[in-house]
Structures are given as structure tokens and as C-alpha cells.
1. Among the listed residues 95, 23, 81, which satisfies the condition of being over 20 Å from residue 244 (Cα atoms) and in contact (Cβ under 8 Å) with a residue 60 or more places away in the chain?
2. How many of the residues in the stretch 138-159 are in contact (Cβ under 8 Å) with a residue 40 or more places away in the chain, surrounded by fewer than 22 Cβ atoms within 10 Å (Cβ to Cβ) and not acidic (Asp, Glu)?
3. Is it true that residue 81 is small (Gly, Ala, Ser), farther than 15 Å from residue 113 by Cβ and modelled with pLDDT under 95?
4. Hey, could you check the stretch 274-298 for residues that are among the charged types (D, E, K, R) and without any contact (Cβ under 8 Å) to a residue 12 or more places away in the chain and say which is surrounded by the most Cβ atoms within 10 Å (Cβ to Cβ)?
5. Which residues, taken from the stretch 228-258, are under 16 Å from residue 327 (Cα atoms) and modelled with pLDDT under 95?
6. Looking only at the stretch 85-107, which residues are among the hydrophobic types (A, V, I, L, M, F, W, C) and surrounded by fewer than 18 Cβ atoms within 10 Å (Cβ to Cβ)?
7. Answer yes or no as to whether residue 134 is in contact (Cβ under 8 Å) with a residue 12 or more places away in the chain and either out of contact with any His (no Cβ under 6 Å at 6 or more places or on another chain) or farther than 25 Å from residue 226 by Cα (or both).
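The values are calculated or read from the model by the stated rules, or taken from the named source; none is laboratory data. In this text, all values refer to a predicted model and were calculated from it rather than measured experimentally. Glycine also receives a Cβ, built like all others from the backbone with ideal geometry; neighbour counts cover every protein chain displayed.
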Amino acid sequence: MQNLLITGGCGFIGTNFIRYLLSESDTGTSAGFDGRIVNVDKLTYAGNPENLAGFEEKYPDRYHFISADICDHRSVAEIFSRFEIDAVCHFAAESHVDRSIVAPDAFIQTNIVGTFNLLELVRENRDAIKLFHHISTDEVFGSLGVQGYFSEQTAYDPSSPYSASKAGSDHLVRAYSRTYGLPVTISNCSNNYGPHQFPEKLIPLMILNSLEGKSLPVYGDGMNIRDWLYVTDHCRAIWLIMNHGRRGETYNVGGRCEMPNIEVVEMTCDILDRRIPDKNIGPRRELITFVKDRPGHDRRYAIDCAKLQNELGWLPNESFATGLEKTIDWYLENRDWVARARSGEYKKWIHRQYGDAGE
């Protein structure tokens, strides 16, 4: 893999993956990639090229950013040809469940039609393509009871338009592998958290509201359980799968950090109370407000990642406690980024750099 197309590389996980490959890893050393990255992102509301500002100058022969829509066959075909793409890592997706409930059409278009378009381009360039890796989610499996874990054999049972659209894209990737013999791998991950996550997601929202003394809204009784995965651990897993995973296989990636949502919020409050006490705000747990539950809200997710561990030797490095501390550190140290992301100010930066591409 020398010419790697990364879709959605200006989003949360894509940003961290590009940083991991080019400049960072958990050990402080190279991730072992010496090729060229072409980052294609439509720059929707959560796509922020400021996350990778300066990378084209720092890595002039190794990193290229192009604003394009993965649903636009002609534009992406030109990218395949121009950069002699030989591998794809597909992050690009609409990913927020609440938004999918209000406006599902964008999720069907990007997550299903966009994935189909990429697979068609891989099929057209099959002699050159070494791998198509598809990033998916544990939400495709639906909800667990109080016991058990999602494995790679768990039947799909999506509950929201978002998870249904991701399930559809997973099925397309498998079908193209089986029908056309394309070299693919799929990873289904649990809830990611860490630096550069858009502020609407649970952990950054709780951090930022806590700092400002705002209400901390928690759905239902707060006992919905998620398996939390620190984003750098996820990036390591993706790269392992891409390099050493068996083609045609799916690998589940979990953080082995099951937590009820209410405990996540309480831990965030306690860390900020310890680090930045504020007499005007008081104990931040008192800001917690329980709100009406979300429609189709899955009760529990938990990932069995034994296949990834046994075949590729991967284990998460971060516990939830250490990962949350690092995440809070990043948001405290990057308040200017937060302010621009929340206000939409970064869109002005996009327009200065790329014209109307961010619309």
C-alpha cells in the first residue's frame, strides 16, 4: 500500500488515523507507513480540515487533501487515476444517531450510496487495488441484554436510521468481496472518544458544558451501557487489520471499557471538579439533568474483540480512566479549536482555503 485513499479524513477518527500514520503513535514512533495519503472529505458540518492544518506543507510528498463528495463518481474516479490509488480506508459517514432520526436522507446517501460508489471504483480499478478497508460500528448489531457480547457472528439488528445505513454499507462490502473477489476487510468498533471529536458527542459535550456550568443532559435513566474505545487504540487496530488481517474477514474492535452513560458523566464531573474547581458552578454532578429518552435507544453494547487479539495480538492500551484524563487534557488545552468548532467559525477557514467546497 503506497497510495492510500482515506475518505472522511477530516472527521474525528479519520483525523486521528492520519496523524497516527504520519506523525504519531502510542509509542511515539512511526506506524510503519512510508507511502502517500490522499484525504478526500466533503467537509460537512463535522469535517474540519483545520484538524490537519499544515500537514500538506509538513508532508509535501506524502499528504494531499481534496474536497470531494464520495457520491460523485467522476470526481473520485479522477482521484483514483491521478494518484494511482492502490488502497482505500473508508471512514466517510454520517454518524450521529440523533441527526439520523431527524434527517435520515443524508445517512442513506452518504453511508450507502457513497460506499457503493467507492466499491464500484475499486471494482473498476481492481488490478491495482490491494485493499478496501471499511470502518463500521457495533450499532449494526442492535441492543444487548445484561449479559453477552457482540461477536463477528452476531446477527445484524439495527435500531436507528444511522445504524441501518451502516448495516447496509457493511452488507455491500461483503457482497462485493464475495461476488467480485475484491480484497476487503471490515472493522466494527465500539464508541470512540479522544481528541478532535466534534462537540455534539457525549464526552466532549459533557466536558464543555461542565466547564461552563451548563446543564448536563442524560437520556432516560442514564443506564444505557457503551463500550468505550480510545481513538488512538482504534487507529492501531485499523492499521493492524489493514496490514495483517485476513482478506474478506470482519474484526470487532472494542475498548473493554463498559460504562453506563451516567458513570461516564459523573467521572467527567469529578475530574473537572478536581482540576478546575469553580465556586460559582459548585459540584458539577449537580448539573446532571435526566431528559426524555431517545427513540430506539439501544440499552447495551459490548464487544468481544478476542478475534482481533488472538489473530493480530491487539489489546487496548488505555483504560477508560486514563483515556478520559487524556481527552479532558486535550479539550482544556485546545479551547480555541473548541470555540471555532462550536461557533462554525472553522467554516470561514474552509471557505478561505477551498471556496464553497464546505457547503
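1. 95
2. Here the count works out to 9.
3. For residue 81, the condition - small (Gly, Ala, Ser), farther than 15 Å from residue 113 by Cβ and modelled with pLDDT under 95 - is not met.
4. Out of the qualifying residues, it is 286.
5. Answer for the stretch 228-258, where residues must be under 16 Å from residue 327 (Cα atoms) and modelled with pLDDT under 95: 255, 257.
6. Across the stretch 85-107, the qualifying residues are 101, 102, 103, 106.
7. No: the conditions fail for residue 134.
This table checks each residue for (1) modelled with pLDDT of 95 or more; (2) closer than 22 Å to residue 298 by Cβ; (3) not charged (D, E, K, R).
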| residue | (1), (2), (3) |
| --- | --- |
| 123 | yes, no, no |
| 127 | yes, no, no |
| 132 | yes, no, yes |
| 136 | yes, yes, yes |
| 142 | no, yes, yes |
| 150 | no, yes, yes |
| 154 | yes, yes, yes |
| 178 | yes, no, no |
| 187 | yes, yes, yes |
